[in-house]
Amino acid sequence: MKVPFLDLKAQYAAIKPEIQAAVNNILDTAAYALGPAVDEFESNFASYCHAEYSAGLNSGTSALHLALTALGIGPGDEVITTPHTFIATIWAISYTGATPVFADINADTYTISADEITKKITPKTKAILPVHLYGQPADMDAIAEIASAGRLLVIEDAAQAHGAEYKSKRCGSMGDAACFSFYPGKNLGAYGEAGAVVTNNRATADKIKLLRNHSQPSKYYHTRLGYNYRMDGIQGAVLNVKLRHLERWTIRRRAIASRYSEAFAAISLYKIPSEAPYSRHVYHLYELGLPSDRSRDKLQAYLLACGIQAGLHYPIPVHLQQAYSDLGHREGDFPATEKAAGCLISLPIYPEMSAEMVDYVIEKVVAFDR
Ligand SMILES: Cc1ncc(COP(=O)(O)O)c(C=O)c1O
């Protein structure tokens, strides 16, 4: 049996008529950049996140960049975030001219540790940027408390956390702004690049809508440095269709995760993902922990030989990336992050996986221990 890491063709096959009708409507009306489908998606997605406003953009990276920009972050400011993330989180801070400051993660949830954030606050700190990594929310109450004591902004990186909840609050509704990616492989994925900022603050949403469109309140009048970060009409149409299926897909992801965790819990070689009591984890990725990078790499090779594709997210932490060598970090600076980077393997998890595929992955992961 073959189990790919992800199967976007299978997802398309299941919703093809709805997608084709929605895309045909864009082709018939020629509303290619922004337009009614994007407006409709913005309103639907804000409601889905239990938030007031949303702005459709051309990527999650742009969403982070514009959220930080609209909230006034720039040169001389420090933004505290996690080194255990996809590098785009950090690019966005750098794009504004601000300095990324890293705080280590909690070794169980893999999200930023509130205690570590506290140690990194300086007079230059302007914002905290937690990442709801793998689909599990960061500890938002603890972060909100630190932020309110230090009058800091909170920007959520919710690129992997569509529909995830912290104490029944949806990711996207808790910070000053939250940033989503709709990269095709995400829990809610476009058919190309797309992203959005979600916020409860009208002025922030309006500012982002201006910035994404060349800072152009009326044609050929430009009020400040602007960007072309608009969402495509086709992506808005696709996302509107897929949003209707997202809750069902999330339930299926959670069911697969719980089958995996039940099967692996008793095996001492493995550390299963811990779902914090406060969270509804949406399992964008299912991360299995091994004792070392050697055993992790061996498991990956063994699974591949069995026809199962597993992934690594993320094997080199951002503080050890060449691109950020000027920050002066070295190995050992963030032990929990470095351990996660060396020991975690991502098993296939997506709603279209059949029960047989899930059984097969379980059988092989269990067999590896023997
Ligand atoms: C945690 C995180 N932040 C930011 C991004 C950037 O999103 P995009 O690829 O849509 O620019 C991603 C997506 O890969 C991500 O996983």
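Data overview
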{"item": "Breaking point among (1) crowded, with 19+ Cβ neighbours inside 10 Å; (2) small (Gly, Ala, Ser); (3) assigned to a loop (DSSP other than H, G, I, E, B), for GLY226", "result": "(1)"}
{"item": "Any pair with Cβ under 7 angstrom, 6 or more apart, that starts in segment 172-191 at a residue that is closer than 21 Å to THR81 by Cβ and ends at one that is of a type in the set (D, E, K, R) and within 14 Å of the ligand (Cβ to nearest atom)", "result": "GLY172/GLU156; MET174/GLU156; GLY175/GLU156; ALA178/GLU156; CYS179/GLU156; CYS179/ASP157; TYR183/GLU193"}
{"item": "Considering residues of segment 165-208 that are surrounded by fewer than 24 Cβ atoms within 10 Å (Cβ to Cβ) and in contact with a Cys (Cβ under 9 Å, 6 or more places away or on another chain) only, the residue farthest from ALA55 (Cα to Cα)", "result": "GLU165"}
{"item": "Odd one out for LEU320 among (1) more than 20 Å from GLY163 (Cα to Cα); (2) out of contact with any strand residue (DSSP E or B) (no Cβ under 8 Å at 6 or more places or on another chain); (3) of a type in the set (A, V, I, L, M, F, W, C); (4) open to solvent by less than 10 Å² (accessible area, probe 1.4 Å)", "result": "(4)"}
{"item": "Only one of TYR134, TYR110 that is within 16 Å of the ligand (Cβ to nearest atom), within 15 Å of PHE180 (Cα to Cα), outside any strand (DSSP E or B) and not β-branched (Val, Ile, Thr)", "result": "TYR134"}
{"item": "Segment 79-102 - residue that is open to solvent by 30 Å² or more (accessible area, probe 1.4 Å) and not in a loop (DSSP other than H, G, I, E, B) and, of those, farthest from the ligand (Cβ to nearest atom)", "result": "THR99"}
{"item": "Output for segment 52-69, where each listed residue is under 20 Å from SER173 (Cβ atoms) and surrounded by fewer than 24 Cβ atoms within 10 Å (Cβ to Cβ)", "result": "GLU52, TYR53"}
{"item": "Complete set of residues in segment 32-48 that are within 16 Å of the ligand (Cβ to nearest atom) and more than 14 Å from ASP232 (Cα to Cα)", "result": "PHE45"}
{"item": "Any hit, segment 286-295, residues being over 22 Å from ASP104 (Cα atoms), open to solvent by less than 60 Å² (accessible area, probe 1.4 Å) and over 21 Å from the mean Cα position of the chain (by Cα)", "result": "yes"}
{"item": "Residues located in segment 227-251, provided they are β-branched (Val, Ile, Thr) and in contact (Cβ under 8 Å) with a residue 24 or more places away in the chain", "result": "ILE234, VAL238, VAL241, THR250"}
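So that you can scan it fast, the table gives a plain yes or no per residue for (1) part of a helix (DSSP H, G or I); (2) in the same structural domain as LEU188 (by TED's automatic domain parsing); (3) touching a strand residue (DSSP E or B) at 6+ places or on another chain (Cβ under 7 Å); (4) closer than 14 Å to VAL198 by Cβ:
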residue	(1), (2), (3), (4)
LEU27	yes, yes, no, no
ASN44	yes, yes, no, yes
SER47	yes, yes, no, yes
HIS50	no, yes, yes, yes
GLY56	no, yes, yes, yes
LEU64	yes, yes, yes, yes
THR69	yes, yes, no, no
GLY72	no, yes, no, no
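The values are calculated or read from the model by the stated rules, or taken from the named source; none is laboratory data. Predicted, not measured: the structure shown is a model, and the values here were computed from it. Every residue, glycine among them, receives a Cβ derived from its backbone with ideal geometry; neighbour counts consider all protein chains shown. Heads up: the accessible areas ignore ligands, DNA and RNA and are worked out on the full protein's heavy atoms, side chains in. Shrake-Rupley method; radii C 1.70, N 1.55, O 1.52, S 1.80 Å.
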